[in-house]
1. Within the range B:34-49, track down each residue that is within 21 Å of A:LYS9 (Cβ to Cβ) and more than 8 Å from every other protein chain (Cβ to nearest Cβ).
2. Any residue in the range A:41-61 that is charged (D, E, K, R) sitting within a Cβ distance under 7 Å of a residue that is outside any helix (DSSP H, G or I)? List the pairs, counting only those 6 or more apart or interchain.
3. Quick check, is A:ILE120 at pLDDT below 85 and in a helix (DSSP H, G or I)?
4. I'm checking my understanding of the structure. Among residues of the range A:144-167 that are within 14 Å of chain B (Cβ to nearest Cβ) and closer than 26 Å to A:LEU96 by Cα, which one is modelled with the highest pLDDT?
5. So, A:SER319, is that one free of Cβ contacts under 8 Å to residues at least 40 places away in the same chain and in a helix (DSSP H, G or I) or not?
6. Out of the residues in the range A:376-429 meeting the condition of being among the basic types (Lys, Arg) and touching a residue at least 12 places away in the same chain (Cβ under 8 Å), tell me which one is farthest from A:ILE232 (Cα to Cα).
7. Looking at the range B:48-57, which of its residues are among the aliphatic types (A, V, I, L, M) and exposed (fewer than 14 other Cβ atoms within 10 Å of the Cβ)?
Amino acid sequence: MNDERIDAKLSIIKKRITILWTIIAMLSIAFKWLLIGHFPNFSEAGAEFGVFIFSFIAIINHLIVGFSYETPDERMEKSIHNLYKSFFILTIVIALASYLWQIVHSQNNLITGLPINLYINLFFSLTFLFYYIYARRQGIYFNYRIIEKTTKAFIKSVFLNIISILSVGVLSALLVISLDALQYIPHQEIATIVIIFLSCFIIVFEYLFLSIYERNHATEALNHENGKTVLISRNAFLLTVMIGLFNLVFTVFNSHYYASLIDYQDLSGLTINVMHSIHLLLIYANFDFSFLKILFIIIVFLSLKRSHPEDKKILKMISFLQLFFVFLFFIQLFYMTFIHPLLFLRLSQQSTDAIQPLLQMVTIVSFVIVILSFSVPLVLFFYFSKRKYSFAPLFLVQIGLSIISIVVPVFINRTLHINLYMIFIYVSSILYFSFTIILWNRVTKTYRYIMNEPELIIIK
Amino acid sequence: MTNLKMKSSRVAKGYSQETLAKRIGVSRQTIILIEQGQYNPSLNLCLLICHQLDKTLNDLFWEENSNE
């Protein structure tokens, strides 16, 4: 494929990302300079130096090319496209090579308390994110080369790309093992390999998510133009699986965590500490998942607006209700994680009366959250049943499952019947997760047939 | 402005957007954007489209100026 439109847009995207790389590399160097107290050397900020130098050269070259033409024309655009095409790949290779050099030469996996792979993870995560955002703004896909292939060919290409990313990780790990065997680097083989593979898996996960997301988007756009509009995008199902899996892990782990607090005398201090750390990590991850929930609501709103353009006003109200629910949940989580422990620390100094209004407020918010957790599926039930969708009653079943999971634990004495409580948590969580998957699978496989062809002028 | 002339010529020829895109060697999205009037193709791409649809540049891309 030699698409002039894509070539022109890619130049714009790569130029913007190159500028972003330069800024992030500069900020990272400045940050490390502040933390370390001296200008960082190559083993402390090697990847940043590599990225900064090559991005800067690309920008300067762009300016030189721009000034060498009196009036901008297609030849100039072609030169700029070729320039960014080479520099983009070169900068990524240099970033990886200098990062590898950095980790094999570094005595420590932490640079003033920050993980050594922090910059390279940030570099790839932001590149993925901004490449995707800029590409969508310019009307092209991240996987534009393979997006129009058949499903089988597309999956094959995505897996080949994943294998290429993993190969880079394996080659880097092999290099580390060889250098270690030759006693060329400080002996920290395992830690280095773990860092390399962690970086690789983060990149692979992001790429896989983007590929599935884009493929669904492209297929649905094609179907929509042929008059077959999906009720709610398949990407809502993708997010449901991710959020549902996280909620399942979160609920099951939390039940174990609270059980360990009850039976803390039977457990070692190390086990309690590990469980406490995982509990904190899951709470922090919950903040990230709040953003995925917002993305889910946006996708549902945009899909329904496309399949039911006549309901724009009602859909806005439903989305607002959903967003309000997520917002309250976020506030409650923030309070329980950061404010509540602080208040308890200060209780010894102040009277408990001072925080009574705040505690009452928290109780009210919790009640509103419980009411909203029933109201949102109820509103969706009324919306879909009014439009005679066969899956609408399933939302009522979802409400029923929510009620059971809230009401039953009230009657189980956790301290006395911990095993019964744990069995209930396992059964209800798995049941709720499986049911949500079934429900959203059906919703995202429902189509509406809209003919949207404009009036055609037949040319003789 | 939507290029209905190109769209109707494509439909009359029995080509889908995907088929036309494949024959020219561009993405389907580029064809959509040209038909929606959101992308101005180069002269070279216009000629390729015209050859595939057996039309002239005037048939597909010439717009009468309403002021004249």
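The values are calculated or read from the model by the stated rules, or taken from the named source; none is laboratory data. Not measured: the values here are computed from a predicted model. Cβ placement follows ideal geometry from the backbone for every residue including glycine, while neighbour counts extend to all protein chains displayed.
1. B:ILE34, B:GLU35, B:GLN36, B:GLY37, B:ASN40, B:LEU43, B:CYS46, B:LEU48, B:ILE49
2. That search, which allows pairs on different chains as well, returns A:GLU44/A:ILE111.
3. Spelling it out, A:ILE120 is indeed at pLDDT below 85 and in a helix (DSSP H, G or I).
4. A:ILE146
5. Judged against the criteria, A:SER319 is a match.
6. Checking each candidate, the answer is A:ARG414.
7. Matches in the range B:48-57: B:LEU57 only.
Residues are listed down the side, and each one gets a yes or a no for (1) modelled with pLDDT of 80 or more; (2) exposed (fewer than 14 other Cβ atoms within 10 Å of the Cβ); (3) more than 14 Å from chain B (Cβ to nearest Cβ); (4) closer than 30 Å to A:LYS32 by Cβ:
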| site | (1), (2), (3), (4) |
| --- | --- |
| A:ALA58 | yes, no, yes, yes |
| A:LEU63 | yes, yes, yes, yes |
| A:LYS78 | yes, no, no, no |
| A:PHE88 | yes, no, yes, yes |
| A:TRP101 | yes, no, yes, yes |
| A:SER106 | no, no, yes, yes |
| A:TYR131 | yes, no, yes, yes |
| A:ILE140 | yes, no, no, no |
